[in-house]
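Novice: The structure is given below, and queries will be raised subsequently.
The values are calculated or read from the model by the stated rules, or taken from the named source; none is laboratory data. Everything numeric here is computed off the predicted structure, so don't read it as measured data. FYI the Cβ positions are ideal-geometry reconstructions off the backbone, even for glycines, and counts take in every protein chain you see. Each accessible area value is taken on the protein alone, full model and side chains, heavy atoms only, with ligands, DNA and RNA left out. Shrake-Rupley method; radii C 1.70, N 1.55, O 1.52, S 1.80 Å.
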Amino acid sequence: MAINVLMIADPGIDDSFAIMYALLNPKINLVGIVSGYGNTPKEKSVKNTAYLLTLGGRADIPVIAGAAGPLLGEPITYYPEIHGKEGLGPIKPPDTLQNVKVYDINKILEIVTQYKGNLVIVSVGRLTELALMFILYGNEALKGVNAFYIMGGAFLVPGNITSEAEANFYVDSIAAHTVMEKAHNIFLYPLNVTNKALITPEIIDFLSKNSPTPFRPLLKPAFDYYYKAYQKNVPGIKGAPLHDVVPLMALTEHELVKYIPRRVRVEGFGNAQGKSIADFRPKPDKEPADSLDHIGMEIDIQKFTVNFMEIFLQGNFNKE
């Protein structure tokens, strides 16, 4: 049986690859996508999500409009040099997508109720929408969710937006801390594993010629734009890390990532804003068992590469 997944994303190039991966993977049943601010403004994020779903023949999947900005209340910085002005590198979705039905954030609760006890939330964007669920509807609002797979944080490695903080945690550190404290059964995929999830230009060139999926024309132009940005930021890098594909793959490939159980907190303000904190001493302070999170610490890169190629080559794109 395929796993029912509600995604939270802000496409964004690597988010877009994650959405494509979810649509193509026969082990995943995508039941909705929440699109808010992050790599692009909310309106462009929603449009990109609708474009990918339409291209994949899955316009039946609900698109949910997320938040326009962080609980933190600070101005938002976007990164067109990494993701392009529209969020998909040089690709501009057609204007014909303006008539796509977009649901409000309450649709999240409807989906959680509909799939109660048989749903995983995969968050690869900012954590504002998840935090809002707890703030608006209380600590029990998402109790019917089996697990939360979250791309965020950085442990024992530098951050990617400050020296210590990863972007999803930094941009709305209040939301990140709220989610890490209130959500249950969290599987966390920080930069120490996702930075290693490199896809090379050679792999993308091969897929752009051989993938039978409707996404094939997007792969090379979007990836090349993303890779050029990484080459400037990380001289000598041999590929581009597709951070947001990792939690989706880990959901279906159980040997992909090795975890360590620790309680995760997020620094809210100051010079360490967004820093993810956990006790990695050999004998950490004892915490309640239900407060422990599964922190990804190691990733099987060969398995990541092989599975990524398999999914994009099989062409199983219409899973209605």
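Novice: Based on the mean of other beta carbon atoms within 10 Å per residue, what is the order of 62-70, 102-110, 194-202, most packed first? Don't skip to the end; give the middle numbers.
Specialist: Values: 62-70: 21.0, 102-110: 15.2, 194-202: 18.7.
Ranked by mean Cβ neighbours within 10 Å, highest first: 62-70, 194-202, 102-110.
Novice: May I pose another question? Based on the alpha carbon coordinates of the range 129-169, what radius of gyration and maximum Cα-Cα distance (Dmax) apply, in Å?
Specialist: Cα only, the range 129-169: 13.7, 36 Å (Rg, Dmax).
Novice: Right, another one. When the helix-only estimate is applied to the chain (DSSP H runs of n ≥ 4, each -39,500 (n - 2.57), divided by the residue count), what is the mean residue ellipticity at 222 nm, nearest 500 deg cm²/dmol?
Specialist: Details: 12 runs with 117 residues, N = 320.
Theoretical 222 nm ellipticity from helices: -10500 deg cm²/dmol.
Novice: What's the carbon and sulfur percent of the chain's accessible surface, probe 1.4 angstrom, rounded to a whole number? If you can, show how the numbers build up before the last one.
Specialist: Working: 7210 of 13530 Å².
The nonpolar share, carbon plus sulfur, comes to 53 percent.
Novice: Beyond 24 Å, what share of the Cα-Cα pairs of the range 80-203 is found? Please give it as a whole percent.
Specialist: On the way: 3183 of 7626 pairs.
In whole percent, the share of Cα-Cα pairs in the range 80-203 beyond 24 Å is 42.
Novice: Under 18 Å Cα to Cα from K238, which aspartates and glutamates show up? Leave out anything in the same chain fewer than 8 places away.
Specialist: D14, E202, D205, D224, D300
Novice: How long is the gain from N210 to I105 if the chain were fully straight, where each residue apart is worth 0.36 nm and the alpha carbon distance is subtracted? Mind dumping the intermediate values first?
Specialist: Values: separation 105, 0.36 × 105 = 37.80 nm, distance 3.80 nm.
Separation in residues times 0.36 nm, less the Cα-Cα distance, equals 34.0 nm.
Novice: With unit charges on the beta carbon (Lys/Arg positive, Asp/Glu negative), name the residue among Q302, L313, Y225 whose Cα is farthest towards the positive pole of the charge dipole of the chain.
Specialist: L313
Novice: Right, another one. When you have a sec, figure out the Kirkwood radius of the range 244-320 from all distinct Cα pair distances and drop it here in Å to one decimal? Can you show the working numbers first?
Specialist: Working: mean 1/r = 0.0654 Å⁻¹.
By the Kirkwood definition, the hydrodynamic radius is 15.3 Å.
Novice: Quick one: if you stick a label point 7 Å off each Cα along the C-beta vector at M309 and Y137, how many nm between them?
Specialist: 4.2 nm
Novice: Another one. If I model a spin label as a point 7 Å beyond the Cα along the Cα-Cβ vector, how far apart are those points for E81 and E253 in nm?
Specialist: The answer from the label model is 3.2 nm.
Novice: Right, next: Projected area of the chain, taken from the Cα convex hull and averaged over every viewing direction, in nm²?
Specialist: Details: hull surface 61.4 nm².
Dividing the Cα hull surface by four gives the mean projection, 15.3 nm².
Novice: Counting pairs on different chains as well as pairs 8 or more places apart, how many Lys pairs in the range 45-164 have Cα atoms under 19 Å apart?
Specialist: Numbers: K47/K85; K47/K92; K47/K101; K47/K107; K107/K116; K107/K143; K116/K143.
Lysine pairs meeting both conditions in the range 45-164 amount to 7.
Novice: Hey, another quick one. Give the residue from Y170, V266, G57 lying farthest towards the positive end of the charge dipole for the chain; charges sit on Cβ (+1 for Lys and Arg, -1 for Asp and Glu) and the dipole is referred to the Cα centre.
Specialist: G57
Novice: From Cα coordinates alone, what are the radius of gyration and Dmax values for the range 197-276 in angstrom?
Specialist: Just the Cα atoms of the range 197-276 yield Rg and Dmax of 16.8, 49 Å.
Novice: In addition: Counting C-alpha atoms alone, how compact is the range 169-309: give Rg to one decimal and Dmax as a whole number, in angstrom.
Specialist: In Å, with Rg to one decimal and Dmax whole: 17.5, 53.
Novice: Can you tell me the dipole magnitude for the range 183-320 around its Cα centre, using point charges on the Cβ only (Lys, Arg +1; Asp, Glu -1), in Debye to the nearest 20? Write down the numbers at each step before the final one.
Specialist: Values: 17 positive and 16 negative charges, 75 e Å.
My answer is approximately 360 debye.
Novice: For the chain, with every protein chain kept in place, what is the accessible area per residue (1.4 Å probe, Å²)? Before the final figure, lay out the partial values.
Specialist: Numbers: 13530 Å² over 320 residues.
Roughly 42 Å² per residue, with all protein chains present.
Novice: What does the charge count near V157 come to, summing +1 for each Lys or Arg and -1 for each Asp or Glu among other residues with Cβ under 15 Å from its Cβ? Present the calculation step by step, with values, prior to reporting the outcome.
Specialist: Working: positive: K196, K275; negative: E164, E166, E298.
Its environment carries a net charge of -1.
Novice: Using a 7 Å offset from the Cα along the Cα-to-Cβ direction at both Q231 and E43, what is the distance between the two label points in nm, to one decimal?
Specialist: About 3.4 nm separates the two model spin labels.
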